1. With (1) out of contact with any Cys (no Cβ under 6 Å at 6 or more places or on another chain); (2) touching a residue at least 12 places away in the same chain (Cβ under 8 Å) as the list, and TYR22 as the residue in question, which single condition is left unmet?
2. Please pick out the residue among PRO188, PRO210 that is touching a residue at least 12 places away in the same chain (Cβ under 8 Å) and farther than 17 Å from ILE307 by Cα.
3. How many of the residues making up the range 62-84 are open to solvent by less than 30 Å² (accessible area, probe 1.4 Å) and not aliphatic (A, V, I, L, M)?
4. Is at least one residue of the range 46-53 closer than 28 Å to ASN317 by Cα, surrounded by 19 or more Cβ atoms within 10 Å (Cβ to Cβ) and touching a residue at least 12 places away in the same chain (Cβ under 8 Å)?
5. Tally the residues that are over 23 Å from PHE100 (Cα atoms) and modelled with pLDDT under 95, restricting the search to the range 1-51.
6. Residues being open to solvent by 50 Å² or more (accessible area, probe 1.4 Å) and under 21 Å from the mean Cα position of the chain (by Cα): count how many of those fall in the range 285-307.
7. Scan GLY248, GLY215 and give me the residue that is surrounded by fewer than 18 Cβ atoms within 10 Å (Cβ to Cβ) and touching a residue at least 24 places away in the same chain (Cβ under 8 Å).
Amino acid sequence: MERKKILVTGGAGFIGGNFVQYMVGKYPNYDIYNLDLLTYAGDLTKHKEIEELANYHFLKADIADREAIDVLFAEYNFDFVVHFAAESHVDRSITDPGIFVQTNVVGTQVLLDAAKQFGITKFVHVSTDEVYGDLEFDPRTFFTEDTPLQPNSPYSASKASSDLLVRAYHETFGLPVNITRCSNNYGPYHFPEKLIPLTISRVLNGQKVPVYGDGKNVRDWLHVLDHCSAIDLVMHEGAIGEVYNVGGHNERTNLEVVKTIIETLNKSNDLIEYVTDRLGHDKRYAIDPTKLEQLGWKPEYTFGTGIAQTIQWYIDNKKWWEQIITGEYQKYFEKQYSN
């Protein structure tokens, strides 16, 4: 197998981190470069088991720092860029939209310029179904790759903006790109500000679980390892310039997800605490992944098997998430969910 150099941005985050481990294990003849600034959600402890491997490399840099990025591209001559690095928490984007524009839009444009200048084989831009806006509660309707972009939060607007930049660099400059748009991910090493790890950690600690509004907002849940295999396939086989939606056909209301976790852990629904709904809270996300399935992808996890495995992972790795939910994060939590 030909040796390739893969730059993974945001490889200390949740999805990017799982992708780094997936690629390091699957492709020993690929050099995997994990580029991350190590902001609040960046964590390298997840890579302790691979950090001594010959095909894993860590690079610390800000994707919006043009000089630093150009130096790295010139030095390492990457073949592929798989771009995860992003501010991703909707609640934080409502509090401080500016950092989302800087990282998600400016950072993506800096990477695109470097990819164009240094002639990479393909730029895979990892995006989100949230750029499509939301759907009504009609189980017959789904997001497809042709659904118009109608983002409703500063986060999703910044991701839609970066998607359009990626498209423009392909159409204008001929940059070889793919865009993937995934549904809500869950699994190991998920930062405990998102719904599933937040619920698991608080239930394990006997704390109240905040649920926005009436809890009826619907999300399509995708195990992170299924997402990793999808990106791997798109990187190698995706048609240049195409968008691929990645979804698990695992729709659940937020309240159903919370109750499933509580029931699995043999706790009481009395732990549920309804809080004021989030501004601009999208009603429903649901993806039609037919195009990706025709490329040869199929998810391995049902929601039932995936959520059980994830809950067990958080039980077995309590030390990892306990160190995160103290200090500054705890101050953020109290501010975010106070009524």
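1. Every condition holds for TYR22 apart from (1).
2. On the way: PRO188 fails: farther than 17 Å from ILE307 by Cα.
Testing whether each residue is touching a residue at least 12 places away in the same chain (Cβ under 8 Å) and farther than 17 Å from ILE307 by Cα leaves just PRO210.
3. Residues in the range 62-84 being open to solvent by less than 30 Å² (accessible area, probe 1.4 Å) and not aliphatic (A, V, I, L, M): 5 in total.
4. Checking the range 46-53: at least one residue is closer than 28 Å to ASN317 by Cα, surrounded by 19 or more Cβ atoms within 10 Å (Cβ to Cβ) and touching a residue at least 12 places away in the same chain (Cβ under 8 Å).
5. 9
6. The number of residues fulfilling the criteria is 8.
7. Residue meeting the stated conditions: GLY215.
The values are calculated or read from the model by the stated rules, or taken from the named source; none is laboratory data. What you see is a predicted model, and the numbers here were worked out from it, not measured in a lab. Quick reminder, even Gly has a Cβ in these numbers, built from the backbone with ideal geometry, and neighbours come from all protein chains shown. Calculation scope for accessible area: heavy atoms of the full protein, side chains included, ligands and nucleic acids excluded. Shrake-Rupley method; radii C 1.70, N 1.55, O 1.52, S 1.80 Å.
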